[in-house]
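In what follows, a single structure is set out as structure tokens and then discussed.
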Amino acid sequence: MGFARIKGPLVSRIGQRVRYSTPKDVEGRGGQPALGIIEDEVWQDETLNSSPSRALGSDHDWGDYSFFAQLIRWDDGDYSIRLGYYRRRCGEDWWEFAGQTTISSDCLTIKSLLEKTLARTEWFAKDSHEWFAKGQSSGSR
């Protein structure tokens, strides 16, 4: 992380330009970066985006994670959906784009993945996860 920092509240990215660097093998064949614009977005918890930074809770506290889904219109007219997150370290007043772990694909692929994920109802059963009982709703490992 480090190339995209946002100081203070994390605000909407709608209208912002997007650039995906060309993979080396594609670049070697003459491929170009993908360029587009964020047309729409949703956040898992928008209130977290404007909340004050919090103190470190323990040595294992990874900070705050704000998860999003964005609809991207590429300059060639195609669309894709990107799932990703920003991270804010405890005690710091800036969010960092965590692009190394985003998922981005055409809309039908993302729809299929999310439908298959949501169909795994046992993954979402409160009794099956200790972290539900602890009330942890943010963070990532």
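The values are calculated or read from the model by the stated rules, or taken from the named source; none is laboratory data. Just so we're clear, the structure is a prediction, and the values are computed from it rather than from any experiment. FYI the Cβ positions are ideal-geometry reconstructions off the backbone, even for glycines, and counts take in every protein chain you see.
Below is a table of values for the structure above.
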{"read-out": "In region 32-66, the residues that are among the hydroxyl-bearing types (Ser, Thr, Tyr) and in contact with a helix residue (DSSP H, G or I) (Cβ under 8 Å, 6 or more places away or on another chain)", "value": "Ser66"}
{"read-out": "Criterion: without any contact (Cβ under 8 Å) to a residue 60 or more places away in the chain and either surrounded by 14 or more Cβ atoms within 10 Å (Cβ to Cβ) or not aromatic (Phe, Trp, Tyr) (or both) - qualifying residue of Leu10, Leu56", "value": "Leu56"}
{"read-out": "Those strands (runs of 3 or more DSSP E) lying entirely in region 1-106 with at least 2 residues at negative phi and among the aromatic types (Phe, Trp, Tyr)", "value": "64-74, 79-88, 94-97"}
{"read-out": "Scope region 59-86; condition closer than 28 Å to Pro33 by Cα, among the charged types (D, E, K, R) and surrounded by fewer than 20 Cβ atoms within 10 Å (Cβ to Cβ); matching residues", "value": "Arg73, Asp75, Asp76, Asp78"}
{"read-out": "Positions within region 27-72 being more than 16 Å from Val11 (Cα to Cα) and among the acidic types (Asp, Glu), in sequence order", "value": "Glu27, Asp59, Asp61"}
{"read-out": "In region 88-111, residue farthest from the chain's Cα centre (by Cα) [restricted to those that are among the hydroxyl-bearing types (Ser, Thr, Tyr) and surrounded by 14 or more Cβ atoms within 10 Å (Cβ to Cβ)]", "value": "Ser105"}
{"read-out": "Matching residues, region 17-32, being in contact with a strand residue (DSSP E or B) (Cβ under 9 Å, 6 or more places away or on another chain) and surrounded by 12 or more Cβ atoms within 10 Å (Cβ to Cβ)", "value": "Val18, Tyr20, Thr22"}
{"read-out": "Count - residues of region 117-127 that are loosely packed, with under 11 Cβ neighbours inside 10 Å and either among the aromatic types (Phe, Trp, Tyr) or touching a residue at least 24 places away in the same chain (Cβ under 8 Å) (or both)", "value": "1"}
{"read-out": "Subset of region 112-141 [modelled with pLDDT of 85 or more and under 16 Å from the mean Cα position of the chain (by Cα)]", "value": "Leu113, Leu114"}
{"read-out": "Hits in region 77-116 - residues which are farther than 28 Å from Trp62 by Cβ and either touching a residue at least 60 places away in the same chain (Cβ under 8 Å) or of a type in the set (Phe, Trp, Tyr) (or both)", "value": "Tyr79"}
